[in-house]
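Presented below is the structure to which this report refers.
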Amino acid sequence: MFGVEIYAAIRRFVFIEGNCRRQAGRVFRLSRGTIAKMCRYLAPPAYVRSKAPKRPKLEPLLRVIDAILETDDKTAQGLF
């Protein structure tokens, strides 16, 4: 994964200085496909989970935790 600084440097090299992507690949020693991806996005794309993590130990207690939080919220509203 490349940092935001690398993205900015490559985008500046291509879009502002007017160099071609192939030359950017040579200068930065990256493939043309990587340079193309970097030119598509302003910043590195964030990681997105494909599915929610499993929580086998916490799952049975979620209703209890939600009930506690709800009662705490109601009592806190009554205090202020």
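Where a number appears in this text, it was derived from the coordinates with a stated rule and is not lab data. In this text the structure is predicted, and so the values were computed from the model without any measurement. Cβ coordinates were reconstructed from backbone atoms using ideal geometry, including for glycine residues, and neighbour counts include every protein chain displayed.
Of all residue pairs spaced 6 or more apart or on separate chains, none has beta-carbon atoms under 6 Å together with a first member in segment 1-18 that is closer than 15 Å to Ala46 by Cα and a second member that is crowded, with 16+ Cβ neighbours inside 10 Å and among the hydroxyl-bearing types (Ser, Thr, Tyr). Among the residues of segment 34-58, those that are in a helix (DSSP H, G or I) and either β-branched (Val, Ile, Thr) or over 20 Å from the mean Cα position of the chain (by Cα) (or both) comprise Thr34, Ile35. A Cβ distance below 7 Å, combined with a sequence gap of six or more or placement on separate chains, defines the contacts here; from segment 38-60, residues that are in contact (Cβ under 8 Å) with a residue 12 or more places away in the chain reach residues that are assigned to a loop (DSSP other than H, G, I, E, B) and surrounded by 10 or more Cβ atoms within 10 Å (Cβ to Cβ) in the pairs Pro44/Phe2. So is Arg12 at positive phi and of a type outside the set (S, T, N, Q) or not? Answer is no for this residue. Out of curiosity, is Phe15 surrounded by 13 or more Cβ atoms within 10 Å (Cβ to Cβ) and of a type in the set (Phe, Trp, Tyr)? Against the criterion (surrounded by 13 or more Cβ atoms within 10 Å (Cβ to Cβ) and of a type in the set (Phe, Trp, Tyr)), Phe15 does not qualify. Within segment 18-36, if we keep just the residues that are farther than 15 Å from Ile6 by Cβ and touching a helix residue (DSSP H, G or I) at 6+ places or on another chain (Cβ under 7 Å), the residue that is surrounded by the most Cβ atoms within 10 Å (Cβ to Cβ) turns out to be Asn19. Of the residues making up segment 37-65, just one is of a type in the set (D, E, K, R), surrounded by 10 or more Cβ atoms within 10 Å (Cβ to Cβ) and farther than 30 Å from Gly25 by Cα, namely Arg55.
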